[in-house]
Amino acid sequence: MTRIVPRMLYAAAATIFLFGGLAHAAVYFRKAGADIGTSSLKLFTQTELKALWLCDSTTLSALAILFFYLAARPTSADRAVVSLIALVPAGTTFLLYAFLGAFYAAHLLLAATVMIAAASFFQPDANRALSPVAT
């Protein structure tokens, strides 16, 4: 029972990250990229904004891959490492709330971040599981 909980939480968080990354990229290619390009912003600011938009999509997709892997092999990363990785979506969540307020993407990232924290709490300790003297 305790082994399935972290797997389910990692998989749910990874699904949120994957959906977010794909949706964010789709919006860029359908509308936002063109809107940024036709804005009155300076060229450098336009290209910087386009890069940052796609960087967020890439980061979310990379987090999805990482947490799908952890869903398959939860003991492959130590709790401390998972907690440090969770700072990435936590920081993004904070910035979304700070600049956009109560926005559905912030709520989804908050949920995924909480799932990661809970999963790392429930997962067996990787160092203990790999130790030859583990009981």
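The values are calculated or read from the model by the stated rules, or taken from the named source; none is laboratory data. Just so you know, these numbers come straight off a predicted model, no measurement behind them. We place every Cβ from the backbone using ideal geometry, glycine too, and count neighbours over all the protein chains shown.
Residue count for region 68-92 under the criterion of being over 20 Å from Leu108 (Cα atoms), touching a Lys or Arg at 6+ places or on another chain (Cβ under 9 Å) and of a type in the set (Gly, Ala, Ser): the result is 1. The residue that is nearest to Val88 (Cα to Cα), among those in region 34-59 that are over 20 Å from the mean Cα position of the chain (by Cα) and of a type in the set (D, E, K, R), is Glu48.
For region 73-91, give me each residue that is of a type outside the set (Asp, Glu) and not in a helix (DSSP H, G or I). Within region 73-91, Arg73, Ala77, Ala86 qualify.
Checking each residue in region 92-121 for being part of a helix (DSSP H, G or I), farther than 16 Å from Leu18 by Cα and free of Cβ contacts under 8 Å to residues at least 24 places away in the same chain picks out Phe94, Leu95, Leu96, Tyr97, Ala98, Phe99, Leu100, Val114.
Taking the criterion of being surrounded by 13 or more Cβ atoms within 10 Å (Cβ to Cβ) and not in a helix (DSSP H, G or I), the only residue of region 19-52 that qualifies is Leu41.
From the list Ile65, Ile16, pick out the single residue that is closer than 15 Å to Leu109 by Cβ, at pLDDT 95 or above and in a helix (DSSP H, G or I).
Details: Ile65 fails: closer than 15 Å to Leu109 by Cβ.
Just a single option satisfies the conditions, and that option is Ile16.
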